[in-house]
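No lab work stands behind these numbers, since they all come straight from the coordinates. Because the structure is a prediction, the values reported are computed rather than measured. Glycine also receives a Cβ, built like all others from the backbone with ideal geometry; neighbour counts cover every protein chain displayed.
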Amino acid sequence: MEQTNAPERTFREKMHEIIFEADTKYGTYFDAALMLSIVASIIAVSLESVSSFDAKYHTQLVFLEWFFTLLFTFEYLIRLYITRDSIRYATSFFGIVDLMAIIPTYLSLFVPGAQSLLIIRAFRLLRVFRVFKLTRYVGEATILGTAILQSRSRIVVFLTTVTILSFISGAGMYLVEGPTNGFTSIPQSVYWAIVTLTSTGYGDTVPATALGKSLAVFIMVMGYSLIIVPTGIISTELIKAGEFSTRACMECSKEGHDFNAKYCKHCGTTLGHSGNSVSSASPVDQS
């Protein structure tokens, strides 16, 4: 019986497996090396902002900056080459971050100081979710985002109410204390009211009269009471959001379908098989 061998993979396919897939041996090595390079480049950029350290090791820091920039530029070009839809990768979130991580160094040739923007490379560390198999937490993040989005109208009402209370409290404190006790204007008093209401309390301005202190106590207690309001709003929506699957429709990319849904409730397209609550993503999105 003649045995048929599987077709040999091309160079692009092998490189795609290493760079875009963390489940393989060499893919894990590549991602680990990438994480270390990103951390090292961020440390180098941070140390460059320390004047005493930069004065002593400026040449070495500049060398490291260009070394990592050229390394990440080569990596970015390789990603564009091995991806079938290069435009899709280039316009994806990580594609834009990868590009923005190398532009500042080249921009510094024309705009001095632009290399400080290289700190944006920290966003590339988000790949740690894929490297260390943390993608299962994306589902929980999606549910949290859905809950916040669904409760946005109530959050706006809550913030509006807090703002109005801050203006009223600030105006009242301005009338009670006045400029002699540090409340020089209504905006300054409103600033104090917001700081007090949020339990921050910088202590740069404090009431001196008995009536002012009484009003301050009322604002502090009100601030503690208001803390539980947004928690209750979002918690309610979290319960509702958790009742739906995060499967995305192939046609309109909408989520929030029932677990047993067969068709998209937004456009009517047949949904895929319901496996885990976290929908699978393409290699470009996972990168």
Under-5 Å amide H pairs with Gly201, H placed in peptide plane, nonlocal only = Thr196
message = I want to check the label-to-label distance for Ser225 and Ser51. Put each point 7 Å from Cα in the C-beta direction and report it in nm to one decimal.
response = 5.0
key: For Thr269, residues with placed amide H under 5 Å, excluding near neighbours   = Cys264
query = What's the extension gain from Val97 to Ala40 if we count 0.36 nm per residue and subtract their Cα-Cα distance?
reply = 18.8 nm
key: Hydrodynamic radius of the stretch 152-241 per Kirkwood, over alpha carbon pairs, in Å   = 13.8
remark   = Of all chymotrypsin sites (Phe, Trp or Tyr not before Pro) in the stretch 22-120, the ones in DSSP coil with at most 11 other Cβ atoms within 10 Å are Phe110
query = So how do Leu61, Leu226, Leu77 line up by other beta-carbon neighbours within 10 Å, fewest first?
reply = Leu77, Leu226, Leu61
query = If you rank Met222, Met173, Met15 by fewest surrounding Cβ atoms within 10 Å, what's the result?
reply = Met222, Met15, Met173
remark   = Under the Karplus relation with 6.51, -1.76 and 1.60 and θ = phi - 60°, whole-Hz ³J(HN,Hα) for the stretch 70-87, x at Gly and Pro, equal 5, 5, 6, 5, 4, 5, 4, 5, 4, 4, 5, 6, 8, 8, 4, 9, 5, 5
Per-residue ³J(HN,Hα) for the stretch 149-158, Karplus 6.51 cos²θ - 1.76 cosθ + 1.60, θ = phi - 60°, Hz, x for Gly and Pro = 5, 5, 9, 4, 5, 6, 5, 5, 4, 4
